[in-house]
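I have placed the structure first, in the form of structure tokens, so that the comments after it can refer back to it.
Nothing in this text is a laboratory measurement; each read-out follows from the coordinates by a stated rule. Bear in mind the structure is a predicted one, so any value in this text is a computation, not a measurement. With ideal geometry, Cβ positions are generated from the backbone for all residues, glycine too; neighbour counts draw on all protein chains shown.
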Amino acid sequence: MPAISARNLSFTYVGANTPSMENVSLSIEKGEFVILTGPSGCGKTTFCRCLNGLIPNFYSGEVRGDLLVDDVNVNGKSTAELSKHIGFVFQNPENQLFSLSVERDVAFGVENLGIPQEEALERVKWAMKSTGIENLREKAPYELSGGQQQRAAIAGVLAMKPSIIVLDEPTSFLDPRSAEDIVGVIAKLNQELQLTTLLVEHRLDIVSRYANRVIVMDKGKVALDGSPQAVYGDQARLIGIGLPKVTTLFHLLRRDGFPIATNPITVEQASSELRKVLHQ
Amino acid sequence: MISVNNTSFRYIGASSDVLTNVNLQIKDGEFVAIMGENGSGKTTLVKMFNGLLKPRVGSVMIDGTDTREKSVAQLSRDVGLIFQNPDHQLFAETVSEELSFSLRNFGFNEEVVKRRVTNILTALDLEKYVDSSPFVLSGGERKRVALAAILVWDPKHIIMDEPTIGQDYLQKDRLRNFIVQLISQGKTIVIVTHDVEFVAECKPRVVLLSKGTVIADDAATKILTNDELLAQASLVRPQIAELMHQLPISGKTLDIIDAYAAREFLVPKLREAVQTSGHWR
């Protein structure tokens with residue numbers, strides 16, 4: 001049973017002449033780490049809004065096709081019901097945190113699930129430990145750094161024990177070290193909990209190493225879908241995806257006539273290939 | 001010329017300075033990136049350029065005038081500050097209203113207002129939204145509207161706080177070209193950013209802040225390859241700089257931070273290696 005399964009999913013916002021998303025069919029298996037990318041307006045946000053019922057509950061328009069999350073058809077489900085299956089983390093953690101202490105914030109969602117308080121407390125403790133913020137429980141969110149705030153936002157989602165987590169550019173407000181750090185936390189949770197991860201991201205340099213799959217959307221449709229090595233090619237470049245800089249460098253070298261077979265997506269892969277040539 | 005002299009600043013009620021003894025001169029037509037960790041004082045510093053904040057100690061001079069002698073409205077005519085969060089700036093019901101507002105306040109006639117608004121919307125690929133509400137646009141588009149709303153009155157110095165956040169690759173590319181165009185018109189451009197890849201592509205002068213102090217002020221190629229400085233400011237090497245660092249090549253690899261420079265450097269070395277061995281590897 002796939003974690004997410006879309007069949008011919010289309011959506012047109014009220015007042016729009018053309019669909020923002022058209023005939024999207026895809027299936028994401030449990031435990032996958034998928035990057036969803038594409039130019040602004042490609043439909044990726046629309047797709048994510050369907051996953052937790054924001055479309056059509058909060059954004060009106062015409063939906064067509066089917067979407068199953070955790071084998072539950074989202075049609076007619078409330079965002080609250082769907083949040084048991086799928087958790088969301090947004091760009092700016094400040095928008096997700098509002099309590100007086102980190103612990104209260106992490107507990108907010110899970111306490112609304114109506115589970116026994118003892119279990120709720122256990123889950124909060126576990127979520128804070130899993131994201132490495134157990135020492136911050138008494139702090140006020142505004143006392144935290146951006147990276148710590150984003151960890152708290154992830155912990156709040158994690159405590160609800162969703163089987164899928166969707167992160168919408170979760171590092172864009174963070175400095176590069178905190179960004180790498182957060183991506184590391186996400187990858188660890190994906191590995192250890194088999195948490196299906198859908199990461200919406202433009203900055204492919206820092207996230208590609210962790211993903212088993214990249215889906216590129218363009219003009220409302222799925223344009224490319226495969227491993228990062230397979231997807232980061234000429235078509236992705238034409239669509240206007242910001243490929244990792246080492247991938248771009250190898251593309252330039254191939255254009256210069258070097259018969260390079262590999263398509264590196266990380267610095268390590270690129271440096272290993274170049275070192276073999278320079279050392280021979 | 002933007003001139004910051006022995007300037008310190010602390011917020012009312014705070015127990016310590018956000019900025020400590022900052023000295024910085026930015027000449028007309030320069031392109032400068034202010035980088036540093038979250039909370040290093042970057043945004044506080046640029047808020048002094050248009051007088052939103054006034055120094056507690058020292059002075060900030062814009063084209064020879066102390067910011068304390070002018071109102072924000074007066075300073076804004078010459079110093080355009082684009083906030084990180086466009087929602088702190090946007091208020092009008094349509095994009096064209098948003099852009100016209102300041103021009104009318106500055107006393108331009110309607111014909112000039114209309115022409116300027118049209119020109120800037122075209123330049124920023126926003127003309128199709130002229131009658132839209134800024135609030136139905138995507139985050140990236142709202143950011144461009146906020147930029148347009150400042151550029152439209154043609155300030156001499158343009159300050160952008162985190163302009164690349166939420167922008168896709170094509171928009172970043174467009175922003176870069178736009179900055180180049182503005183510099184060639186003699187504008188001063190200051191960006192506050194922690195986007196090392198964007199800086200590696202644009203190669204501005206970099207002013208590095210950490211804990212309220214300027215810890216370095218040098219070319220992007222020098223700063224983005226200096227591990228000690230990068231660690232202090234919670235930055236990382238750009239990908240290409242890291243790659244060059246890992247290669248067993250001595251010499252001038254240290255200054256290479258973008259793919260095109262790396263290619264120029266590597267091609268002869270690789271040709272030589274391939275020629276000697278007769279094959280790629």
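At a glance:
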| quantity | calculated |
| --- | --- |
| C-alpha center-to-center spacing [segment A:89-139, segment B:194-270] in angstrom | 38 |
| Contact order relative to length of segment A:172-275, as percent, for alpha carbon pairs under 8 angstrom and 6 or more apart | 20 |
| For segment B:11-78 and segment B:128-150, distance of Cα centres in Å | 27 |
| Computed label-point distance, nm, for sites A:LEU54 and A:ASP66 using a 7 Å Cα→Cβ extension | 2.6 |
| Exposed-site-free run, longest, chain A (rule: chymotrypsin sites (Phe, Trp or Tyr not before Pro); DSSP loop; at most 12 other C-beta within 10 Å) | A:99-280 |
| For B:TYR129, net neighbour charge (Lys/Arg +1, Asp/Glu -1) across residues whose Cβ lies under 14 Å away | -3 |
| Exercise: per-residue mean of other protein chain Cβ atoms within 10 Å, A:265-273 | 4 |
| Gaussian network model of chain A, springs between alpha carbon atoms under 10 Å - residue of A:GLN194, A:GLN117, A:GLN96 with greatest fluctuation | A:GLN117 |
| Value of Rg/Rh across chain A [Cα atoms, Kirkwood radius] | 1.00 |
| DSSP-defined beta bridges in the protein assembly as shown - what % are antiparallel, rounded to 5 | 50 |
| Net charge of neighbours whose Cβ lies under 14 Å from the Cβ of A:GLY147, counting Lys and Arg as +1 and Asp and Glu as -1 | -3 |
| Nearby aspartates and glutamates by direct alpha-carbon distance to A:LYS219 (threshold 12 angstrom, same-chain neighbours under 8 apart not counted) | A:GLU22 |
| Per-residue average of Cβ from other chains inside 10 Å of B:259-266 | 5 |
| Counted charge near B:SER8, where neighbours are those whose Cβ lies closer than 9 Å (Asp, Glu -1; Lys, Arg +1) | +1 |
| Global geometry of segment B:118-172, whether rounded, prolate or oblate, following the gyration tensor of its Cα atoms and the 1.5 cut on a/c | oblate |
| Cα-based helix-to-principal-axis angle, A:117-130 vs chain A, degrees rounded to 10 | 30 |
| Unsatisfied cross-links (Cα-Cα over 31 Å) in the set A:LYS129/A:LYS245; A:LYS30/B:LYS42; A:LYS77/A:LYS221; A:LYS125/B:LYS47; A:LYS221/B:LYS114 | A:LYS129/A:LYS245; A:LYS30/B:LYS42; A:LYS125/B:LYS47; A:LYS221/B:LYS114 |
| Hz values of 3J(HN,Hα) by residue in segment A:37-42 - Karplus curve (6.51, -1.76, 1.60), Gly and Pro given as x | 9, x, x, 3, x, 7 |
| Total charge dipole magnitude, segment A:1-146, about the Cα centre, Cβ charges on Lys, Arg, Asp, Glu only, Debye to nearest 20 | 280 |
| Inter-part distance where segment A:7-66 and segment A:168-208 are each reduced to a Cα centre, Å | 21 |
| Qualifying aspartates and glutamates (Cα of each under 15 Å from Cα of B:LYS27; at least 8 residues distant if same chain) | B:ASP63, B:ASP78, B:ASP217, B:ASP218 |
| Relative contact order of chain B, pairs being alpha-carbon contacts under 8 Å that are 6 or more residues apart, as % | 21 |
| Normalised contact order of chain A, rounded percent, pairs of Cα under 8 Å and 6 or more residues apart | 23 |
| Per-residue average of Cβ from other chains inside 10 Å of B:109-122 | 0 |
| Per-residue HN-Hα couplings for segment B:275-281 [Karplus 6.51, -1.76, 1.60; θ = phi - 60°; Hz; x = Gly/Pro] | 5, 4, 8, x, 8, 4, 5 |
| DSSP beta bridges in chain A [antiparallel fraction, %, rounded to 5] | 55 |
| Lys, Arg +1 and Asp, Glu -1 on Cβ, resulting dipole of segment A:217-257 about Cα centre, debye, nearest 20 | 80 |
| Total charge dipole magnitude, the protein assembly as shown, about the Cα centre, Cβ charges on Lys, Arg, Asp, Glu only, Debye to nearest 20 | 820 |
